[in-house]
Every structure is written in structure tokens, then in C-alpha cells.
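See below for the structure under consideration.
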């Protein structure tokens, strides 16, 4: 093990450098003309600048200080070990749903319980897949993880309505957040979310991303995934949901603790009609049909 671990570290150091470099190239080429994400780009640039400055200061002045050297070495080992564990966790995502997410764990700790039943993609049925795409991310088949038009529209809306916050997150972003991260957190969470979204969009298929999302998304207080939601609200399997039932479940996703399906909240009642219309509009789109079949 003593001889294998150094080789593993060297291999993952190469993977890490390529991974981060590819991510930065992606951000600064794909987001270059996107007004909606200039703030994030500047935040990323500032964070990179600070990190580079700290590295320079460390190697020129602070490395000679033994306690600081030990602290930096320990911090790097913790970070790099976490990256290796994350990478294996990401690879397992090809085959398995996450054993538990931080959001699910938080639900248990808050006393909301954990009701879930992971199922295969084929067992979900097409209605709930179409309803969630219609509700959450209508350009899901076409974007590379980030819908810049939706982000821009959301930012304009939020400026005009400071008391009402509208998100522009894609299904891919929400999947990355739910699997690898936590709710809330502002830029502290948003930066890694972009990184993890880029990663799963690069390696996973759209069907795999949607499958993971439909199994782990919160769809009611303590209710996670389409199968648990279908059983709780309509006493049937997800594959047997009607279009209307699927639209009601999809309508609660922006805030499943507040926008309830049973009892039917005003938001879900109003939103579900719009989702039904969007489902009709999207039905027949060859890219969407390929994903939901």
C-alpha cells in the first residue's frame, strides 16, 4: 500500500490539473459573451487571483516557517484526498444512485423523515420525465449544463422584483447540487456547483442526469424521488402517473415544502395548467422524445 498510494496521488494530480484546466477553459470560452454570468466570472477571477497570490507568498516567504508549512501541507492533503474521494463518488454515479445526499440527511435531522424509493429510468414512465423538463428546463436536451438565456432572464426579473427570487438553474445544475453539495450557501456553493455541473455534463448522458435528478429531488416534506412522490400522493407507481398527476408533482419542485401537492396549494394548482400546456408544446420534439423514451 505504501508503494501504491504515491502512484495514486501522482495519477490523480495529473487528473486534477487536467480537470481544473479543462473547466477553466470551458468557463472562459463558453461564458465569454454572457452578460448574465459576468459576475460569476469576475468572482472566479478574483478567487483565482487570491489563490495565486497566496501560493506565491507561501513559496517566497512563508514556506520557511515550519508551523505554517505543516498547516499548508495538512490542508492540501485533506483537500486532495477529498478530491480523490469525490472522483470515485462521481464514477460510481454512472451505476448507482447516491446512498444519501446532504439534502436528504438534512431532512432526517430536521425531523421531516426520509421517504424514497430509487427506481430505474425505464420504471419512471415518460409523463413525469416530460413534466419535469417542461417545468424546470425546457432546453435541457440542447444546453451544455447552463442555460444562459434563462439565467439572464432570471437576473432581469430579480432586479425588477427584489422580493421575489427566480432561479435560472438547469436540471443539470440541480442534479449536481443535490448529489455533491447542499442547499443555500451563495457563491460558496455556486462556484463548486458550476464545477460539478460541468463535470457531469462532460461525462454523463442527459438520460443519466435526468434519472439521477428524478430519483433524488425533493418532492414534498421528506419525500424524495418520483416513485416516493407517486406513491404518497396518488398511491401508484411513477410509470402509471397521468400527465396531470405528473404536472402537479413537477409544479412543486421550486419549493416542495411550501408548494404542496396534497393538499393542493394555490401555486401548484395555478402552475400545473401551465406545465400541461408546455408538455403539449414540447411533445413531439425529437430531442426530448429521445431522452424521455
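Each value in this text was obtained by applying a stated rule to the coordinates, not by laboratory testing. Computed from a predicted model, the values in this text were never measured in an experiment. Here the Cβ positions follow ideal geometry from the backbone for every residue, glycine too, while neighbour counts run over all protein chains shown.
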| field | Area projected by the alpha carbon convex hull of the chain, averaged over all directions, nm² | value | 18.4 nm²
| said: Using the basic label-point model (7 angstrom from Cα toward the beta carbon), what is the residue 280 to residue 207 distance in nanometres? | reply: 2.9 nm
| residue 59 to residue 287: extension gain in nm, 0.36 nm per residue of separation minus the Cα-Cα distance? | 76.9 nm
| Nearest 10 degrees, 0 to 90: what angle lies between the long axis of helix 266-282 and the longest principal axis of the chain (Cα atoms)? | 90 degrees
| Relative exposure of 271, 116, judged by other C-beta atoms within 10 Å (fewest first) | 271, 116
| Pairwise label distance in nanometres, residue 109 with residue 7, each label 7 Å out on the Cα-Cβ vector | 3.9 nm
| message | I need to check one value: relative contact order of the chain, counting alpha carbon pairs closer than 8 Å and at least 6 residues apart, in percent. | response | 21 percent
| said: Using only DSSP helix segments of four residues or longer, with each worth -39500 (n - 2.57), what per-residue ellipticity at 222 nm results for the chain after dividing by its residue count and rounding to 500? | reply: -21000 deg cm²/dmol
| Taking neighbour counts of Cβ atoms within 10 Å as a proxy for exposure, in what order, fewest first, do 242, 175 appear? | 242, 175
| said: Applying a 10 Å radius around every beta-carbon, put 194-200, 78-84 in order of their mean neighbour count, most first. | reply: 194-200, 78-84
| field | Inter-site label distance for residue 84 and residue 69 at 7 Å from Cα along Cβ, in nm | value | 2.3 nm
| message | If I build a Gaussian network model for the chain, linking alpha-carbon pairs within less than 10 angstrom, which residue out of 98, 254, 263 has the largest mean-square fluctuation? | response | 263
| note | Footprinting proxy, 239, 70: sorted fewest to most Cβ within 10 Å, the residues are 70, 239
| Residue with peak Gaussian network fluctuation, the chain [Cα springs, cutoff 10 Å], from 279, 219, 48 | 48
| How far is helix 126-136 tilted, in degrees, relative to the longest principal axis of the Cα atoms in the chain, given as a value from 0 to 90 rounded to the nearest 10? | 60 degrees
| note | In degrees rounded to 10, the 0-90 angle between helix 206-216 Cα long axis and the longest Cα principal axis of the chain is 80 degrees
